[in-house]
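Chemist: Here it is, the structure, as structure tokens.
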Amino acid sequence: MNRWAVAARVALFSGMAFLAGWGLWNLPDSINPFSPLEIADKPTLATPIKMRILEHRPEACVATVRRSRAEVVRAPIASDTQGCGVDDGLTLDRSDVSYGGGVRLSCISMTALLIWERHVAEPAAAEILGSKLTRIVHYGTYQCRNINHDPDARLSYHATGRAIDIAAFVLADGRKISVLKDWGKDTPEGQFLARVHDGACGVFRGVLGPDYNKLHANHFHLEMGRWSFCK
């Protein structure tokens, strides 16, 4: 290949790189995968990419959560059991809705929870049930244990603060929507649960509900693990 051909290729690839960079620079932040994640922004196709990037930037992750109006405390969790513990642990003190305490998650899992709360659960309650969501009832977050408490199973993502089990939702008008009692019903309550379950699949990497097995009959398992699934 002569020098003119080499120069032409260099110019071509340089031009392509410039155009690609210019395109990303001019994309709106909400759809630019390399712009900072804002929990207040409506999720887009770029959101999972932003979360993957944020997952490996603990300081930026904590700053993202704190910009969201949520009040959190940095609370790493140490464990003597191999594989358990949370280096980038956060405890949730306050959010738009109450969780009744006990929410201890890794930073990226807290980010996912807040996105789901703000952009899925709260709008679904207002649209389908006509009332403000005031509380989300959960069965726990961090716990050093195996999947389904089976001694022969691998560690659950609860053991690294990457999972939360959601049991019910309480509205400002006093109604309580229960996964155990209302899932699968052709009622507004059942429609609401279907909406928040399906919406969780667009935010969390793994979602299990009552249709998965009997062990999940009374809750949604939401996790930020390695693999993607929605059941």
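The values are calculated or read from the model by the stated rules, or taken from the named source; none is laboratory data. Everything quoted here is computed from the prediction, not taken from an experiment. Quick reminder, even Gly has a Cβ in these numbers, built from the backbone with ideal geometry, and neighbours come from all protein chains shown. In case anyone asks, the SASA skips ligands and DNA or RNA and just uses the protein heavy atoms, side chains included. Shrake-Rupley method; radii C 1.70, N 1.55, O 1.52, S 1.80 Å.
Chemist: When only the heavy atoms of the protein chains count and the probe is 1.4 Å, how do 214, 50, 181, 231 rank by accessible area, highest first?
Modeler: Largest to smallest exposure gives the sequence 214, 181, 231, 50.
Chemist: Still on this structure, I have one more. State the number of lysine pairs found in the chain whose Cα atoms come within less than 20 Å, restricting to pairs 8 or more positions apart or on distinct chains.
Modeler: The result is 9.
Chemist: To the nearest 0.05, how large is the calculated FRET efficiency for residue 181 and residue 227 if R₀ is 35 Å and r is the Cβ-Cβ distance?
Modeler: 0.70
Chemist: Using +1 at the Cβ of each Lys and Arg and -1 at the Cβ of each Asp and Glu in the chain, identify which of 215, 39, 177 lies farthest towards the dipole's positive end.
Modeler: My answer, from the dipole projection, is 39.
Chemist: While we're here: Before I look further, what does the chain give for accessible area per residue, probe 1.4 Å, in whole square angstrom?
Modeler: Heavy-atom SASA per residue in the chain reads 54 Å².
Chemist: So, with +1 on the Cβ of K and R and -1 on the Cβ of D and E, and no other charges, what is the size of the charge dipole of the stretch 175-216 about its Cα centre, to the nearest 20 debye?
Modeler: With Lys and Arg at +1 and Asp and Glu at -1, about 160 debye.
Chemist: Could I ask something else about it? Treating the angle as unsigned and between 0 and 90°, give the value, to the nearest 10°, between the Cα long axis of helix 3-26 and the longest Cα principal axis of the chain.
Modeler: Once rounded, one gets 30 degrees.
Chemist: Have a look at 82, 143, 191 and tell me which one the Gaussian network model of the chain (Cα, springs below 10 Å) gives the largest fluctuation.
Modeler: Looking only at 82, 143, 191, the biggest GNM fluctuation is shown by 82.
Chemist: Same structure again: Just the number, please: carbon plus sulfur as a percent of the accessible area of the stretch 91-231, 1.4 Å probe, no ligands or DNA/RNA counted.
Modeler: Carbon and sulfur atoms account for 48 percent of the accessible area of the stretch 91-231.
Chemist: Follow-up question, since we're still on this one. Between residue 172 and residue 94, what is the label-to-label distance in nm when each label sits 7 Å out along the Cα-to-Cβ direction?
Modeler: 1.8
Chemist: Moving on to the next point. What do you get for the angle between helix 188-201 and the principal long axis of the chain? Use alpha-carbon atoms, 0 to 90 degrees, nearest ten.
Modeler: 40
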